[in-house]
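Every read-out reported here was derived from the displayed coordinates using simple, explicitly stated rules and does not represent laboratory data. The model shown is predicted, which means the values in this text are computed figures rather than measured ones. Neighbour counts are summed over all protein chains in view; Cβ atoms, including those assigned to glycine, are modelled from backbone coordinates with ideal geometry.
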Amino acid sequence: MIRYAEVDEKLGSLLREFGPKRRAYHTQLPFWRLQNDGVWEIPEAYVVSQTPSGDARKSDLDVYGVSGGFTEEIARQLQDDSALALRIAQGMLDAHFPPSIHEDILQAVEIKLPLAGVGRVKRDSVFLENVLKAYEYRCAVCGFDVRLRHQPVALEAAHIKWKQAGGPTEETNGLALCVLHQRLFDRGAFTLSKQLQVMVSDEANGSAGFQEWLMRYHGETVGFPQRKSYCPDGAYISWHVKEVFQGEFREL
Ligand SMILES: [Zn+2]
């Protein structure tokens with residue numbers, strides 16, 4: 001069993017770091033609603049008053065020091081099969097987050113996945129090829145285009161609206177980015193404006209690298225794809241701003 005106060009602290013900071021920017025983070029919702037899935041129980045649920053929508057009042061969870069935990073059966077399965085929790089963790093990562101940020105999340109929750117899990121996600125090679133071709137094999141932000149013989153190295157096709165969130169695998173939802181800019185984009189350190197300028201977050205900062213790799217592109221228009229019809233779709237950019245981008249735009 002784990003006390004809600006502890007869940008609130010840990011889950012709250014994970015949501016702030018990896019979740020979309022919100023005015024408040026409602027950690028009581030998963031803590032409470034997991035009961036409906038039959039995998040989680042809150043023995044003292046009866047002391048908690050509920051909102052009209054059937055959710056727990058956060059203040060009650062705090063005041064009464066309510067704890068929750070896996071049901072006996074689920075706890076037993078997790079205990080009997082030591083790899084089960086890891087498979088679930090990998091499954092959740094695959095279903096909800098782009099591979100470029102899996103490592104950061106695993107580090108934050110202090111889970112080490114077996115090596116077999118790394119790079120297990122199949123890359124969509126058609127999408128990759130189409131997007132790289134659209135941007136002529138160059139990072140749309142910095143122009144990085146190192147090749148080994150004729151093969152581009154460390155160049156990726158980022159989904160603007162994550163595939164895991166239903167973003168399509170079309171050029172208008174893609175951006176050719178070097179691995180560094182892909183990581184910064186997927187973590188929300190920068191996004192794009194409607195005019196396709198790089199917009200850096202006021203939450204991003206640093207000394208070495210920050211100026212050279214991020215701030216110097218702030219307000220600059222990204223490299224355009226070779227066809228107008230490949231240009232990023234405003235709806236996907238809006239999704240990225242709302243769901244991935246952290247903080248506010250820095251001043252131009
Ligand atoms: Zn780049």
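Points 7 angstrom from Cα along the Cβ direction at LEU113 and LYS242: gap in nanometres?
2.8
By how many degrees, 0 to 90 and rounded to 10, does the Cα axis of helix 84-96 deviate from the longest principal axis of the chain?
50
On a full-extension model of 0.36 nm per residue, what is the gain between GLU9 and SER49, subtracting their alpha-carbon distance, rounded to one decimal in nm?
Contour length minus Cα-Cα distance gives 12.3 nm.
So if R0 is 41 Å, what FRET efficiency would ARG149 and LEU78 give, r being the distance between their Cβ atoms, rounded to the nearest 0.05?
Efficiency, from the Cβ-Cβ distance: 0.30.
Once the Cα atoms of helix 4-18 and of the chain are each reduced to a long axis, what angle between those two axes, in degrees from 0 to 90 to the nearest 10, is obtained?
Once rounded, one gets 10 degrees.
Based on the Cβ-Cβ distance of SER207 and VAL63, what FRET efficiency does E = 1/(1 + (r/R0)^6) give at R0 = 35 Å, to the nearest 0.05?
According to the calculation, E is roughly 0.20.
Treat each spin label as a single point 7 Å out from the Cα along the C-beta direction, and report the GLU17 to GLN35 distance in nm.
Computed distance between label sites GLU17 and GLN35 equals 3.0 nm.
Report, in degrees rounded to the nearest 10, the 0 to 90 angle that the Cα long axis of helix 234-243 makes with the longest principal axis of the chain.
It is inclined by approximately 40 degrees.
Find the centroid of the Cα atoms in segment 40-84 and in segment 185-224, then give the distance between the two in whole Å.
About 41 Å separates the Cα centre of segment 40-84 from the one of segment 185-224.
Dipole of the chain, Cα-centred, from +1 at each Lys and Arg C-beta and -1 at each Asp and Glu C-beta, to the nearest 20 debye?
880
Tell me the GluC sites (Glu not before Pro) within segment 53-151 that lie in a loop according to DSSP and have at most 11 other beta-carbon atoms within 10 Å.
Passing both the DSSP loop test and the Cβ count: GLU110.
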